[in-house]
1. Quick one: length gained pulling PHE440 to ARG241 fully straight, 0.36 nm per residue minus the C-alpha distance?
2. Once the whole set of protein chains is in place, how much accessible area is left on GLU367, using a 1.4 Å probe, in Å² to the nearest 10?
3. Checking the table LYS233/LYS285; LYS93/LYS139; LYS63/LYS139; LYS285/LYS362 against a 21 Å threshold on Cα-Cα, which pairs fail?
4. Evaluate the relative contact order of the range 284-378 (contact order divided by residue number), counting alpha-carbon pairs under 8 angstrom at least 6 apart; express in whole percent.
5. Pairs of alpha-carbon atoms within less than 8 angstrom and 6+ residues apart define the contacts here; what relative contact order does the range 254-322 have, in percent?
6. So what does MET156 come to for accessible area, using a 1.4 Å probe and Å² rounded to 10?
7. Tell me, what is the per residue accessible area of the range 251-314 in Å², probe radius 1.4 Å?
8. Would you please give the FRET efficiency between GLU104 and GLU132, computed as 1/(1 + (r/R0)^6) with r the Cβ-Cβ distance and R0 = 30 Å, to the nearest 0.05?
Amino acid sequence: MFLLVMLAVMPCEALYPSPEEGWQIYSSAQDADGKCICTVVAPAQNMCNRDPRSRQLRQLMEKVQNISQSMEVLDLRTYRDLQYVRNTEGLMKVVDGKLKVASENPRSLNPKGFQELKDKVTQLLPLLPVLEQYKADAKMILRLREEVRNLSLVLMAIQEEMGAYDYEELRQRVLLLETRLHSCMQKLGCGKLTGVSNPITVRASGSRFGSWMTDTMIPSSDNRVWSMDGYFKGRRVLEYRTMNDFMKGQNFVQHLLPHPWAGTGHVVYNGSLYYNKYQSNIIIKYHFRSRSVLVQRSLSGAGYNNTFPYSWGGASDIDLMADENGLWAVYTTIPNAGNIVISRLEPQSLEVLQTWDTGFPKRSAGESFMICGTLYVTNSHLAGAKIYFAYYTNTSSYEYTDIPFHNQYSHISMMDYNPRERVLYTWNNGHQVLYNVTLFQVIKTSGD
């Protein structure tokens, strides 16, 4: 018996999917060959973030913030108006004294005195709108008092509801279930790309061009994130402790590479950075923990320095990447007439193990990435791009595809697949963006 699985993979870091997303398994009738077809949608962790009570608490926080802002406005306005009243206090005393004299002895109010009194009263007229504002503010205070009372009632209701459950126990059970499901997901193995999700913007930082990544080695417990801004003669690599630190731009260290890089086709594999040395076809393996170059080797015949870049240029001649099958280099040579060449590399020595000529012109490609030994190529780096071409190294064959994806910021200068997290990392016009992928798989069950 064979089971066909459509696996939609969500990132494992704390990146929040939309509220309707969750672990879902869909099934349909058997196909003509008697194969069962199902779809598994695996989201990120933090399912408890979609709990209705969490949503209520967020709404309460927004209301409290709005009330605080209103109180600040009231405080500033009251202070300003009070200063005005204090400044006119002397004028009011003068008017009050003249009115008392006039009321006690009306004959003492001659034309000149009457005009002076009239002028003083005219100077007090600006107090009228201030008093009107006081009346409006008094109504606002009553409304705010009512909102605070309502907030207290809602908080009491949430407290009573949470008291009816062991909320922490439920959360731990959910996390355990998601861990087991992610483990199951990893065992599903390789598949054919059939879909790409909407983009998840992680951060906006850096220039228009760059690359960012996590370790692609399977398995790995390394949660560090690396960022490399620019494509021209860069040497500075920022290393963040976790994805959350990267999102906040905190807790990072700097690596200063001994040789500058070219392009954005870098990859981190098993704790080392693999990159193309500036103005050469040399690949360098830089080890982060020892801060040293372990090996460097020329990629024989490979074009460099914008000889055969992707459509966006940027010295993107040599693109290094990793998938479930290991380390790869995507490039082209003059004998290959500018068509994309794929070489599988030995990670320790950087020796080329095997090479394929795809026949697809590299200058017509926006970006490319490997999944399960298959190279997927986009037809543009601009808005409207789609995954247009696939080359299968296991059969040395290709096909044209039509897999759309939303190029939200209209200029992708880096696109790489991470087999450990099963997501696409992209650098899009100064934005660091993730895409989830859907893989179509055939799994042979134990009953066969």
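The values are calculated or read from the model by the stated rules, or taken from the named source; none is laboratory data. Fair warning: this is a prediction, and the values are worked out from it, not measured in the lab. Here the Cβ is made from the backbone with ideal geometry for all residues, glycine too, and neighbour counts use every protein chain on show. Just the protein is used for accessible areas: all its heavy atoms, side chains included, with ligands, DNA and RNA removed. Shrake-Rupley method; radii C 1.70, N 1.55, O 1.52, S 1.80 Å.
1. 68.3 nm
2. GLU367 exposes around 10 Å² with every protein chain in place.
3. Too far apart for the 21 Å limit: LYS93/LYS139; LYS285/LYS362.
4. Relative contact order for the range 284-378 comes out at 22 percent.
5. 31
6. Probe radius 1.4 Å; accessible area of MET156 about 100 Å².
7. The answer is 40 Å² per residue.
8. Here the calculated transfer efficiency is 0.40.
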